[in-house]
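**Student:** One structure, as structure tokens, below. Some questions next.
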Amino acid sequence: MNNGLIILDFDGTLCDTRQTIVKTLQMTMEKLCLPVVDEYACAATIGLPLSVSFKTLFPSLTEEQAQECAEAYRDIFEENKKLLEPKVFPHVSETLRSLRKSGFVLSVASSRSNHSLLDFVKTFGFDSDITLIIGADDVTKAKPDPEPVLLTLRKLDFDASETLVVGDMPFDILMGRGAGTKTCGVTYGNSSRDDLLGCGADFVIDDFASLLNLTW
């Protein structure tokens with residue numbers, strides 16, 4: 001019997017990719033002769049589709065130029081992830097296992113590509129616990145639009161009332177709220193408690209293992 005559906009963000013929620021993402025964004029800017037912005041401005045775009053991240057950082061870019069930035073980023077990221085290897089956050093692996101064994105269905109919804117997500121999920125051994133992966137290329141509108149959550153609900157045959165969306169960014173919370181689910185922010189990623197509560201998170205936790213104690 002299923003206890004409910006938990007839809008998880010990846011970057012900043014399951015895995016610490018901040019250094020890798022920020023460095024790759026800055027290297028992409030250097031390669032394409034764009035002004036290099038600081039770490040905090042880069043980190044504020046984590047969770048958005050790549051082209052949207054670049055448009056956010058450089059509003060004057062055309063859509064074509066933003067896509068060019070995204071393609072350059074992907075090439076550089078493949079090298080950087082070997083040098084700046086992302087790490088799984090504390091208590092994530094064992095908590096995923098416990099949640100699955102308790103009857104929860106677990107999925108991932110991210111603005112990363114499906115291929116990249118699948119690669120990371122397999123690398124970190126999450127594939128036995130994660131039932132479904134939704135990447136940016138699986139939807140027409142990515143976070144903060146609710147489409148990734150709505151698609152997950154349809155594919156896994158769950159109602160929003162049975163679902164919790166978990167993420168580290170306001171984009172995740174807004175995505176879940178837009179789909180009518182409960183939402184939980186995590187403070188160890190890329191946003192503060194105030195940011196997460198300010199956009200309407202139902203719960204905010206400091207440790208991924210605290211998901212085991214939530215009632216929703």
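The values are calculated or read from the model by the stated rules, or taken from the named source; none is laboratory data. Computed from a prediction, not measured in an experiment: that's the story for all the values here. Cβ: placed from backbone, ideal geometry, glycine included. Neighbour counts: every protein chain shown.
**Student:** Would you list the strands (runs of 3 or more DSSP E) that sit entirely within the stretch 152-216 and hold 3 or more residues that are in contact (Cβ under 8 Å) with a residue 24 or more places away in the chain?
**Tutor:** Hits in the stretch 152-216: 163-167, 182-186.
**Student:** If you don't mind, another one. Hey, among Asp145, Asp127, which residue is part of a loop (DSSP other than H, G, I, E, B), of a type in the set (Asp, Glu) and farther than 25 Å from Gln19 by Cβ?
**Tutor:** Only one candidate passes the filter, namely Asp145.
**Student:** Looking at (1) outside the structural domain of Leu153 (by TED's automatic domain parsing); (2) part of a helix (DSSP H, G or I), which is the one condition that is false for Leu61?
**Tutor:** Going through (1) outside the structural domain of Leu153 (by TED's automatic domain parsing); (2) part of a helix (DSSP H, G or I) one by one, Leu61 breaks only (2).
**Student:** Looking at (1) crowded, with 19+ Cβ neighbours inside 10 Å; (2) more than 18 Å from Thr28 (Cα to Cα); (3) free of Cβ contacts under 8 Å to residues at least 24 places away in the same chain; (4) of a type outside the set (Lys, Arg), can you tell me which one Ala66 breaks?
**Tutor:** (2)
**Student:** Working only within the stretch 132-149, note down all residues that are over 15 Å from Leu50 (Cβ atoms) and of a type in the set (A, V, I, L, M, F, W, C).
**Tutor:** Those that are over 15 Å from Leu50 (Cβ atoms) and of a type in the set (A, V, I, L, M, F, W, C): Leu132, Ile133, Ile134, Val149.
**Student:** Considering only the stretch 14-23, state which residues are surrounded by 23 or more Cβ atoms within 10 Å (Cβ to Cβ) and farther than 14 Å from Ile133 by Cβ.
**Tutor:** Residues satisfying the conditions are Thr17, Ile21.
**Student:** So in the stretch 119-130, with the set limited to residues that are surrounded by 17 or more Cβ atoms within 10 Å (Cβ to Cβ) and closer than 19 Å to Leu5 by Cα, which one is farthest from the chain's Cα centre (by Cα)?
**Tutor:** Asp129
Quick grid of which residues meet (1) over 28 Å from Trp216 (Cβ atoms); (2) in a strand (DSSP E or B):
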{"position": "Ile7", "(1), (2)": "no, yes"}
{"position": "Thr24", "(1), (2)": "yes, no"}
{"position": "Thr28", "(1), (2)": "yes, no"}
{"position": "Tyr40", "(1), (2)": "yes, no"}
{"position": "Lys55", "(1), (2)": "yes, no"}
{"position": "Gln65", "(1), (2)": "yes, no"}
{"position": "Lys81", "(1), (2)": "yes, no"}
{"position": "Leu96", "(1), (2)": "no, no"}
